[in-house]
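Colleague: My questions all concern the structure below.
The values are calculated or read from the model by the stated rules, or taken from the named source; none is laboratory data. Fair warning: this is a prediction, and the values are worked out from it, not measured in the lab. Note that each Cβ is placed from the backbone with ideal geometry, even for glycine, and that neighbours are counted across all protein chains shown. Ligands, DNA and RNA are stripped out before the accessible areas are found, and what is left, the full protein with its side chains, is counted by its heavy atoms. Shrake-Rupley method; radii C 1.70, N 1.55, O 1.52, S 1.80 Å.
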Protein chains: 2
Amino acid sequence: MKTPLILVTNDDGVYSPGLRALHEAVSSLGTAVIVAPDRDNSAVSHALTMNRPLRVTQLAEQTYSVDGTPTDCVTIAINKILPRKPDLLVSGINPGANLGDDISYSGTVSAAIEGTMYDIPSLAFSLASQPPYDFEVTAAVAWKLASMALSMHLPPSSLLNINMPPLSAGEIQGIRFTRQGRRLYRDAIQETFDPWGRKHYWIGGGTVHWYGGEDTDEQAVRNGFISVTPIQLDLTNHEGLAYLERQWKM
Amino acid sequence: MKTPLILVTNDDGVYSPGLRALHEAVSSLGTAVIVAPDRDNSAVSHALTMNRPLRVTQLAEQTYSVDGTPTDCVTIAINKILPRKPDLLVSGINPGANLGDDISYSGTVSAAIEGTMYDIPSLAFSLASQPPYDFEVTAAVAWKLASMALSMHLPPSSLLNINMPPLSAGEIQGIRFTRQGRRLYRDAIQETFDPWGRKHYWIGGGTVHWYGGEDTDEQAVRNGFISVTPIQLDLTNHEGLAYLERQWKM
């Protein structure tokens, strides 16, 4: 059997400790190559840079940075840097959760979406903790799930979004396969003023309201479980399609 | 009945002709307020700006620009600019298609995703044409679909992604409710060199391969139909969830 080729990326930038911990964890499973943004790209979602050329810098033998988004990194890694299509993509470890509706904004998860578009088994890892972040337990779990993803099939056209509770190995309750919960922000915009007294808006903060039930990603993490959610590329509401055909007569 | 409040946005910027055509089209249906990016934001996906404050500029009575992404515009409009939650959100008209996997990168569609997160009926409009763009027929269809969206229910937690074929009103074959197709790019990265001879990569171009069958968005537009796809917030692969619970014993 040939040595697995593993692409390691993230959205926090190539120097992020979470990325280093993830790279170290999967290095025992094959050839692990880092291709990551040269700076923080949090909340860039699935943004793709098409209005300027991108520069790749080799920082070490198996480490490259790109002056672009996580999605840019994945597509350039696959098409231009790696010798062949990788056998696995791992993204993270993100310092902070990627749960519920927040998945949609996440650069960490979007890198895994891009990998899935190329039919590469892709895993996104996030640690639902507050600073200071300790990635040791998450890295051990990442090794376990990455080795499983190399031997088992993932659900078709889907990635796995993995969120870790902020607990020690002994405190973790186990693993739960979950569905995406719903998150509702209220008043998550602060008002601030520039030096000339002009009002500006700063998105962030506010109170978070979760809903969606016991089987969601958020509830699993809250209850001390590792949450593993299969996220699919197909965004179609298939039930909604039947409803529209029945009710929306044009 | 109170006058409907309609939020109009896009990803190409507040001065885009497609936005103006859409605003004019829906103005007869209620109070239509433009809150749009101050510059082109194509392919920014669902990116949210959290690392700096955002400035809102009022350009005319019902027209505001934001120095941020389409998602920023929607959340600031709802929370800070509009007098109440709007009854409808329309995004576009995008010059160029938003079909299949490309939806994931689209700022036009992401604005409608953000609206859907706030439970606002949201429609994204794109014209699958080449320059020069003539938005007249699309604007007429936008008026029709926006008036329907004000009186009919949309599928729950879903937006409608609408793509127009590049045809005259008489040539259009009708409307089709479709599912999202799959798009595969190959070699969609060009190599270029900076003035110092260093290689750079420019994402774009390449050959496009479509697959996914007759009932997809891409096939509908190709066959001269207006494509209407219900896109949902829930990204969970529910079948994949059952498979993981059965097969991935940890």
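Colleague: How high is the relative contact order of chain A, given as a whole-number percent (alpha carbon pairs under 8 Å, six or more residues apart)?
Modeller: Relative contact order here is 17 percent.
Colleague: Separate question: Arranged from highest to lowest average of other beta-carbon atoms within 10 Å per residue, in what order do the peptides A:143-152, B:152-161 appear?
Modeller: B:152-161, A:143-152
Colleague: Let me ask another. Please state the shape class of chain B: rounded when a/c is under 1.5, otherwise prolate if a/b exceeds b/c and oblate if not, all from the C-alpha gyration tensor.
Modeller: Rounded.
Colleague: Something else now. Rounded, prolate or oblate: which fits segment B:1-144 when a ≥ b ≥ c are the square roots of the eigenvalues of the alpha-carbon gyration tensor, with rounded for a/c under 1.5 and prolate only if a/b beats b/c?
Modeller: Rounded, since a/c falls under 1.5.
Colleague: Pop out the ³J(HN,Hα) list for segment A:54-60 in order, Karplus 6.51 cos²θ - 1.76 cosθ + 1.60 with θ = phi - 60°, rounded to Hz; leave Gly and Pro as x.
Modeller: Result, rounded to whole Hz: 10, 10, 9, 10, 7, 9, 7.
Colleague: Could you point to the residue in A:Met164, A:Val90, A:Ala140 farthest towards the positive end of chain A's charge dipole, with +1 and -1 charges on the Cβ of Lys/Arg and Asp/Glu respectively?
Modeller: The residue sitting most towards the positive pole is A:Val90.
Colleague: Let me ask another. What is segment A:137-250 by shape, rounded, prolate or oblate, if you read a ≥ b ≥ c off the alpha carbon gyration tensor as root eigenvalues and call it rounded for a/c under 1.5, prolate for a/b larger than b/c, and oblate otherwise?
Modeller: Note, shape of segment A:137-250 comes out oblate.
Colleague: Please compute the contact order of segment A:171-236 in relative form: average sequence separation of alpha-carbon pairs under 8 Å and at least six residues apart, divided by the residue count, as a percent.
Modeller: 44 percent
Colleague: Around A:His200, what is the net charge, scoring Lys/Arg as +1 and Asp/Glu as -1 over all other residues with Cβ under 15 Å from its Cβ?
Modeller: Cβ neighbours under 15 Å give a net charge of 0.
Colleague: Please report the antiparallel percentage of DSSP beta bridges with both residues in segment A:1-83, rounded to the nearest 5.
Modeller: So the antiparallel bridges in segment A:1-83 amount to around 35 percent.
Colleague: List the distances, in nm to one decimal, from the label point of A:Gly224 to the label points of the same position in every other copy, shortest first, placing each label point 7 Å from Cα along the Cα-to-Cβ direction.
Modeller: Those separations, rounded to one decimal, come out as 6.6 nm.
Colleague: Apply the Karplus parameterisation 6.51 cos²θ - 1.76 cosθ + 1.60, with θ equal to phi minus 60°, to every residue of segment B:76-93 and state each ³J(HN,Hα) to the nearest whole Hz, in sequence, with x for glycine and proline.
Modeller: 6, 4, 5, 8, 10, 9, 6, x, 7, 4, x, 7, 7, 10, 10, 10, x, 6
Colleague: If you don't mind, another one. Every other copy gets compared here: list the nm distances from the A:His238 label point (7 Å along Cα to Cβ) to its counterparts, shortest first, one decimal.
Modeller: Nearest first, the other copies' label points are 1.0 nm away.
Colleague: Let me ask another. Could you give the dipole magnitude of the protein assembly as shown about its Cα centre, charging the beta-carbon of Lys and Arg +1 and that of Asp and Glu -1, in debye to the nearest 20?
Modeller: Here the protein assembly as shown has a charge dipole of around 100 debye.
Colleague: So between A:Thr207 and A:Asp134, what do we pick up on full extension, going 0.36 nm a residue minus the alpha carbon distance?
Modeller: Extra length available between A:Thr207 and A:Asp134 comes to 23.7 nm.
Colleague: Could you calculate the contour length gain from B:Met250 to B:Glu214, that is, 0.36 nm times the residue separation minus the distance between their Cα atoms, to one decimal place in nm?
Modeller: Extra length available between B:Met250 and B:Glu214 comes to 9.0 nm.
Colleague: Charges on Cβ only, +1 for Lys and Arg, -1 for Asp and Glu, centred on the Cα centroid of segment A:7-123; of A:Leu99, A:Asn41, A:Leu54, which one is farthest towards the dipole's positive end?
Modeller: A:Leu54
Colleague: For B:Lys144, which lysines qualify as cross-link partners when the Cα separation must be under 27 Å and same-chain residues fewer than eight apart are set aside?
Modeller: Partners within reach: A:Lys249, B:Lys2, B:Lys85.
Colleague: Across peptide A:22-35, how many C-beta atoms of other chains are within 10 Å of each residue C-beta, on average?
Modeller: For peptide A:22-35, the averaged partner shielding equals 0.
Colleague: Could I ask something else about it? Non-local amide H neighbours of A:Leu54 (under 5 Å, H modeled in plane, Pro and chain starts lacking H): which ones?
Modeller: B:Tyr201, B:Trp202, B:Ile203
Colleague: Using a 7 Å offset from Cα along the direction of the beta-carbon, what are the separations from A:Gln190 to the same position in each other copy, nm, ascending?
Modeller: For A:Gln190, the inter-copy label distances come out at 4.3 nm.
Colleague: So how strong a dipole does chain A carry about its Cα centre when Lys and Arg Cβ are +1 and Asp and Glu Cβ are -1, to the nearest 20 debye?
Modeller: Once rounded to the nearest 20, the dipole reads 420 debye.
Colleague: Another question about this same structure. As a test of the formula, what do you get for chain B when each DSSP H run with n ≥ 4 contributes -39,500 (n - 2.57) and the sum is divided by the residue count, at 222 nm and rounded to the nearest 500 deg cm²/dmol?
Modeller: Counting only the DSSP helices, I get -7000 deg cm²/dmol.
Colleague: Heavy atoms only, probe 1.4 angstrom, no DNA, RNA or ligands counted: give me B:His209, B:His200, B:His23 ranked by accessible area, highest first.
Modeller: Greatest to least solvent exposure: B:His209, B:His23, B:His200.
Colleague: Give me the percent of DSSP beta bridges within the protein assembly as shown that run antiparallel, rounded to the nearest 5.
Modeller: Beta bridges within the protein assembly as shown, antiparallel portion: roughly 45 percent.
Colleague: What are the residues of segment B:158-189 that lose 30 Å² or more of accessible area, with a 1.4 Å probe, going from their chain alone to all protein chains?
Modeller: Flagged in segment B:158-189: B:Ile175, B:Phe177, B:Arg179, B:Gln180, B:Arg182, B:Ile189.
Colleague: Counting only other chains, and only Cβ atoms inside 10 Å, what mean value do you get across the residues of A:48-58?
Modeller: Mean shielding by partner chains, rounded to a whole number: 6.
Colleague: Bins of 10 Å, beginning at zero and ending with the bin holding the largest distance: percent of Cα pairs per bin for the protein assembly as shown, please.
Modeller: Going from the shortest bin to the longest, the percentages are 4, 20, 30, 27, 15, 4, 0.
Colleague: How high is the relative contact order of segment A:17-95, in percent, with contacts defined as C-alpha pairs under 8 Å that are six or more residues apart?
Modeller: Answer for segment A:17-95 is 37 percent.
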